[in-house]
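The values are calculated or read from the model by the stated rules, or taken from the named source; none is laboratory data. Computed from a predicted model, the values in this text were never measured in an experiment. Every residue, glycine among them, receives a Cβ derived from its backbone with ideal geometry; neighbour counts consider all protein chains shown.
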Amino acid sequence: MPKTSIFWFRRDLRISDNPALLAALAEGDEVLPIFIVDQAISDRAGEFRRSYLASALKHLDKTLAGNLQVFEGDAVGILQKLTKKYNATSIHCAKQYAPYGIALEKRISESGIELQFTGCDYAVDPGKVRKPDGTPYKVYTPFFKAWSVVGWERPYNSPKSPNWVSVKDAKRYFPDWDLAKNTKTFEVGTDVALEKWNQFFKGPINSYNHNRNFPGISGTSGMSPHLRWGEVHPRTLLANLNNSADQEVYRKEIAWREFYADVLHHNPHTSREYLNPQFTKMRYDKPGKKFDAWCEGKTGFPFVDAGMRQLIQTGWMHNRVRMVVASFLAKDLHIEWQHGANFFMQYLIDNDVASNSHGWQWTAGCGTDASPYYRIFNPIEQGKRFDPEGEYIRKYVPELAHLRGSDIHEPWLYLDGYSGGYVERMVDHAAERIESLARLEEIKVSAHF
């Protein structure tokens, strides 16, 4: 009887550069590849991320010659049944570091199931980079320097002649979510990710430091959804980078993702709670009509509205604009960051709990290595600087398409500014900036947090 190993795909939907899969293949004569749909997670995910996952699973199945088994339900019960059915001698997977994944692994272990962990979703395991005294880093720059010294492995080869357990006669569950929605914006799969990366690496990366901030042009790599689902591993991207200024900036962006994962690893409560507890004392406004308008992209501030509409129409938003809309919610509307983070989580195809929660806390001024609270993004000036001709705004806010060039950033200055039906500004930014700083003074927080 052949020796069977189970390989559990989680956030690593690829067969190349996958050391956990190689470990499963090395231990078993044949490998049963599986994916478990967790209904609790999929219910929170929103249609874009569910749609992306459904497409990605079908693509992964093709790379496995149609032998991927997909299940829906409780991982403990499913793994127990599969172990018994196939007389499996081992279960392999990559380690998870988000709070939900850690809790699930603990529950699996307590049930008597032993998981064989190899690797994780990051270039360096969260918790591995520490100060000389053994404590974790709280500031990004020294973390980046230490992270660079720790280093990472070279990409792993693809398996040669893998022997999969045949599932031709098995009833396989593939989620029947809308597969058309996300493909209008993002294609799925490792081959797509690598081709996109190769095209980016041939030229655009060499102007990355400048172009990455302009949402109206293709100045970024577009790797975030592929990294989120593990269709490509960060070490695959890091392996190509040299020490040029632009490529160093890209390396630092990957390190931000790793830094936030490290922060969350040491402070798991911060996926929903303040890292700096002093901010729980601040006065906040309850979400209401203004929050609804922010969600719909109807604040009356063109750059903010373009970003929110990009999110709800495509399931993605440019990183520069994410900071601007987050600052607007937290400091112009005075609404707690968790409301915005939860809304992002519903829509973002590339949602990552560590990056999302701590990106929001950075902008709100209450997180590790945070932007000082008194740094308040001016949504008008940000638009003028990073979308000078209004190309990005014009794409997502057609009510302003009749305005020429930079006029689009301040439609209230022109007689025909609102002729297309655009909404008027819901707040006065200058006045709300003063209000935000006043609320900061009330909790008497140092400017250097």
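When the residues of the stretch 9-33 are filtered to those that are touching a helix residue (DSSP H, G or I) at 6+ places or on another chain (Cβ under 7 Å) and aliphatic (A, V, I, L, M), the one that is surrounded by the fewest Cβ atoms within 10 Å (Cβ to Cβ) is 15. Of the candidates 175, 155, the single residue that is under 30 Å from residue 318 (Cα atoms), out of contact with any Leu (no Cβ under 8 Å at 6 or more places or on another chain) and in a loop (DSSP other than H, G, I, E, B) is 155. Looking across the stretch 37-53 at every residue that is crowded, with 22+ Cβ neighbours inside 10 Å and among the hydrophobic types (A, V, I, L, M, F, W, C), the one that is farthest from residue 314 (Cα to Cα) is identified as 53. Checking 373, 414 one by one, the residue that is among the hydroxyl-bearing types (Ser, Thr, Tyr) and free of Cβ contacts under 8 Å to residues at least 12 places away in the same chain is 414 and no other. Quick check on residue 422: is it buried (at least 16 other Cβ atoms within 10 Å of the Cβ) and hydroxyl-bearing (Ser, Thr, Tyr)? Spelling it out, residue 422 is indeed buried (at least 16 other Cβ atoms within 10 Å of the Cβ) and hydroxyl-bearing (Ser, Thr, Tyr). Scanning the stretch 356-381 for residues that are surrounded by fewer than 23 Cβ atoms within 10 Å (Cβ to Cβ) and among the polar types (S, T, N, Q) gives 356, 371, 378.
Could you please find all residues in the stretch 28-64 being β-branched (Val, Ile, Thr) and either part of a helix (DSSP H, G or I) or within 20 Å of the chain's Cα centre (by Cα) (or both)?
Quick first cut of the stretch 28-64, residues β-branched (Val, Ile, Thr) only: 31, 34, 36-37, 41, 63.
Across the stretch 28-64, the qualifying residues are 37, 41, 63.
Of the residues making up the stretch 396-413, those that are out of contact with any Lys or Arg (no Cβ under 9 Å at 6 or more places or on another chain) and either surrounded by fewer than 23 Cβ atoms within 10 Å (Cβ to Cβ) or hydroxyl-bearing (Ser, Thr, Tyr) (or both) are 398, 399, 402, 404, 405, 407, 413. All of 358, 448, 409, 402 fail the test of being at pLDDT below 95, of a type outside the set (A, V, I, L, M) and not assigned by TED's automatic domain parsing to the domain that holds residue 137, apart from 448.
Here's a check for you: in the stretch 266-293, which residue that is among the charged types (D, E, K, R) and closer than 25 Å to residue 103 by Cβ is surrounded by the fewest Cβ atoms within 10 Å (Cβ to Cβ)? Write out each step before concluding.
Step one: list which residues in the stretch 266-293 are among the charged types (D, E, K, R), which gives 272-273, 281, 283, 285-286, 289-290, 292.
If we keep only those that are closer than 25 Å to residue 103 by Cβ too, we end up with 272-273.
Values: 272: 12, 273: 14.
The residue in question is 272.
Please state which of the following conditions residue 236 fails to meet, knowing it meets all the rest: (1) in a helix (DSSP H, G or I); (2) closer than 29 Å to residue 306 by Cα; (3) among the hydroxyl-bearing types (Ser, Thr, Tyr). In the conditions (1) in a helix (DSSP H, G or I); (2) closer than 29 Å to residue 306 by Cα; (3) among the hydroxyl-bearing types (Ser, Thr, Tyr), residue 236 misses (2) alone. Just checking, does the stretch 417-425 include any residue being within 15 Å of residue 328 (Cα to Cα), assigned by TED's automatic domain parsing to the domain that holds residue 306 and of a type outside the set (Gly, Ala, Ser)? Yes, the conditions are met somewhere in the stretch 417-425. For the stretch 195-254, the set of residues classified as buried (at least 21 other Cβ atoms within 10 Å of the Cβ), among the small types (Gly, Ala, Ser) and in contact with a helix residue (DSSP H, G or I) (Cβ under 6 Å, 6 or more places away or on another chain) consists of 221 only.
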